[in-house]
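First comes the structure, then the notes that go with it.
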Amino acid sequence: MVLYRPDGLLSPPASAGIGSEMTDAQYLAGRLLLAMPGMGDPRFARAAIALYMHDENGAFGVGIGHLRSGVTLHGLLAELDIEPGVAPDCPIHHGGPVEPGRGFVLHSPDWGGDDTLRVGPLGGLSASLDILRAIAAGQGPDKWLIALGYAGWGPGQLDMEMRHHGWYAAAGRSDILFERPAETRWTAAWRAEGIDPSLLASETGRA
């Protein structure tokens, strides 16, 4: 069974490091990474990733464009012996292929805990049980979604993938994050940039 990991998110694995090879550093925390068609990695087909950390020491983000099959909030709360209270039994997002049992709550900035990471238009990111208990009690943030797993990059990897038709860094938009269904966020983020994603379908990338 999948378990929520409440042991914090502010110390991403060393393997998530990035930045040492960037010659013209442009840190992208707070943006939405959109997978380019033809990027060559089927794990990230039509992926939209909320990027919460990107500096000289590391980068990681949480996927918001796909849902986990067969996993819902009430099932997750039952695993943690938390009564669901007023929490809706909503689906859980597939946050990425790294540590697929580790849980994150992406939420509006009106709630905060000791471990909450706040990043501009993406709001807050929390990983403690406190926010789940608050949501169940009706005392949580106004807007939120829950994901299991995350995406991380090694030194220079994200920079290289962006140069080789891997990712596009769109502006972070809270309305896309919290007011759009998961399956529409990739397309919605492209259109918010003034780009029709169907025009990108014929492009191919390099592995």
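None of the figures in this text is laboratory data; all of them are computed from the coordinates on show. For clarity, every value in this text was computed on a predicted model and none was experimentally measured. Virtual Cβ from ideal backbone geometry, glycine too; neighbours counted across all protein chains shown.
Some observations on this one:
- For residue 152, the conditions (1) within 21 Å of residue 27 (Cα to Cα); (2) buried (at least 21 other Cβ atoms within 10 Å of the Cβ); (3) touching a Gly at 6+ places or on another chain (Cβ under 7 Å) all hold with the exception of (3).
- Residue satisfying all of: in the range 143-156; assigned to a loop (DSSP other than H, G, I, E, B) and within 18 Å of the chain's Cα centre (by Cα); nearest to residue 104 (Cα to Cα) among these: 143
- Hits in the range 41-74 - residues which are free of Cβ contacts under 8 Å to residues at least 24 places away in the same chain and either closer than 27 Å to residue 133 by Cβ or assigned to a helix (DSSP H, G or I) (or both): 42, 69, 70, 72, 74
- Counted residues, the range 84-101 - those being of a type in the set (D, E, K, R) and touching a Leu at 6+ places or on another chain (Cβ under 7 Å): 1
- Residue in the range 182-197 that is under 22 Å from residue 104 (Cα atoms) and in a loop (DSSP other than H, G, I, E, B) present: no
- Check on residue 172, in contact with a Phe, Trp or Tyr (Cβ under 9 Å, 6 or more places away or on another chain) and under 26 Å from residue 100 (Cβ atoms): no
- Of the listed requirements (1) closer than 16 Å to residue 149 by Cβ; (2) surrounded by fewer than 17 Cβ atoms within 10 Å (Cβ to Cβ); (3) touching a Pro at 6+ places or on another chain (Cβ under 7 Å), residue 69 misses just one: (3).
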